[in-house]
């Protein structure tokens, strides 16, 4: 179940852009997420933001929450997942329209299960390492891809993600993202504001 949260955090980490020649890193976004865990679908939302500190360094943060009722051995169990990710990143413009980036992050995962009024929760934290590329195909369209390694409580996970953004105006964009890690498929739809 931790994998679900890690992949959600990954999707929130994708940086948005504005209508310009190169990717833009100063933004906030909100997203809807649908996660398939071995046939069980969970839905939720995510909030994220990033801000350049200097020409090449940036900070990034995200919060995600997903929940739904799932069937566990014939019983209806409500699952709630909350994630928090805070990171420091470095970007390198290897062309006029493309950036390579890397992020080192603190990762926190909280899981709560409720069955017939009884609930139990568990949480752990660790670190993440992400590398990726963001590239403007045109003034309106950006594509990105990344690989993320996460270590939480001595459990490791590698996730692969892709995303696309469409710029409606200088300040507003919409995007879709897809991520895969072992038995998890995650799809997200986001709205982005640039400042």
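Tabulated results
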read-out	value
Residue list for the range 1-38, filter: at pLDDT 75 or above and surrounded by fewer than 18 Cβ atoms within 10 Å (Cβ to Cβ)	21, 26, 28, 30, 32, 34, 36
Top-ranked residue in the range 31-54 [being in a strand (DSSP E or B) and farther than 29 Å from residue 76 by Cα; ranked as farthest from the chain's Cα centre (by Cα)]	52
Qualifying residue in the range 172-181 (condition: free of Cβ contacts under 8 Å to residues at least 60 places away in the same chain and farther than 23 Å from residue 36 by Cα)	yes
Test set (1) surrounded by 15 or more Cβ atoms within 10 Å (Cβ to Cβ); (2) in a loop (DSSP other than H, G, I, E, B) - residue 142 fails condition number	(2)
Residue 96, sole failed condition from (1) surrounded by 16 or more Cβ atoms within 10 Å (Cβ to Cβ); (2) not in a strand (DSSP E or B)	(1)
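The values are calculated or read from the model by the stated rules, or taken from the named source; none is laboratory data. Not measured: the values here are computed from a predicted model. With ideal geometry, Cβ positions are generated from the backbone for all residues, glycine too; neighbour counts draw on all protein chains shown.
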